Amino acid sequence: MRALFLLPLCLALLGCESLVHTGSDGFEVGSHGVEVFEADDQACTTAANDLLSYDVQLMDATSYERNRAFNGVYERCMTARGHQPRPYLANVLPQLGAL
């Protein structure tokens, strides 16, 4: 019964991904190792923040647009470095089990 109650909440949260910055939780460490993963995460976060700081069009953008731009740069950077995105539900389901 509780699962049926939480289903609409989960579906509503799926659309909220663009409202927060994508972070390292959204990607698999893979065979590269934790140290390489953390260095790549730091480099990609810096690249995404640089875009927000120096792109003139984004300086006047809404928070939603700025978050989407950050997420796009971060995700492309991490993927280019060989890290696979984690499925969204893989991040949510373990937390729902704790409820």
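The values are calculated or read from the model by the stated rules, or taken from the named source; none is laboratory data. Quick caveat: nothing in here was measured; it's all calculated off a predicted structure. Quick reminder, even Gly has a Cβ in these numbers, built from the backbone with ideal geometry, and neighbours come from all protein chains shown.
The table below gives the values:
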{"item": "Qualifying residue in the range 65-76 (condition: assigned to a helix (DSSP H, G or I), surrounded by fewer than 17 Cβ atoms within 10 Å (Cβ to Cβ), over 12 Å from the mean Cα position of the chain (by Cα) and modelled with pLDDT under 95)", "result": "yes"}
{"item": "Residues located in the range 44-58, provided they are in a helix (DSSP H, G or I), of a type outside the set (V, I, T) and closer than 20 Å to V20 by Cβ", "result": "C44, A47, A48, N49, D50, L51, L52, S53, L58"}
